[in-house]
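Participant: Structure in structure tokens, see below.
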Amino acid sequence: MSVDNNKAVIATGYRHTGVILSDGTIKLWGQQQYGALGNGQSGSSSIGDNSSETPNNLTAIGPSTFGVGRTVISIACGNQNTGVVLDNGEVWTTGRNSFGALGRNGTTNQTTFGQVSIGGSVNAIDIACGDYHMMIITDDGRIKAWGYNTLGQCFTGDNTEVITPQTDDTYSTLDTSGHIDITAGTGQYPGNG
């Protein structure tokens, strides 16, 4: 898998933005609260709000974080968290981890990217972030989801938060040609029935 150098790959989140560069690295800017930018920092300060912090001046995140030779093929920004898919199908996340939104088996916020165990021998091909949940499409056409699930966002048949990725086999049979894109939404905030 590779990034089309003629197409911009950009994602916007609640208070931050990310872009995949033509070399498969990423740059993130905006508010770094909860570790959304994956640079080891947290707090309400922002990157990109003064003249020395333009995207061209930011440090790219790439092989030193994801591994030598690894490139990012998909990026999604959510509510102060970020998820990426690498060229080898791995999923990595950082930032706000309310309700297990990062899929890293817990609810502690993370200020650097870490790998999500998506299970089995499948590889991710795309990722989407909702408000407090994330979803991926795998190379075998399945959807896996984790995080906030009060309204069934993670399609587990109940409304319990999911802190590790789950698979719903029925989704892979809806379209026999396989899933080609995924998106997630926002609007329901915890406590706002």
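Participant: On full extension of the chain, what length is gained from Thr108 through Gln41, given 0.36 nm per residue of separation minus the C-alpha to C-alpha distance?
Facilitator: Values: separation 67, 0.36 × 67 = 24.12 nm, distance 1.45 nm.
So the extension gain works out to 22.7 nm.
Participant: If ligands, DNA and RNA are left out, what is the accessible area of Arg15 with a 1.4 Å probe, given in Å² to the nearest 10?
Facilitator: Counting only protein heavy atoms, Arg15 exposes about 110 Å² to solvent.
Participant: Let me ask you something else. For Ser74, which sequence-distant residues (separation of 5 or more, or a different chain) have an amide H within less than 5 Å of its own amide H, given hydrogens modelled in the peptide plane?
Facilitator: Those qualifying (amide H under 5 Å, at least 5 residues apart or on another chain) are Val85.
Participant: Sticking with this structure for a sec: In terms of modelled amide H atoms, which long-range or inter-chain residues lie less than 5 Å from the amide H of Ile163?
Facilitator: Gly147
The values are calculated or read from the model by the stated rules, or taken from the named source; none is laboratory data. Given the structure is predicted, the values throughout are model-derived calculations rather than measurements. The accessibility values were calculated without ligands, DNA or RNA, using every heavy atom of the protein model including side chains. Shrake-Rupley method; radii C 1.70, N 1.55, O 1.52, S 1.80 Å.
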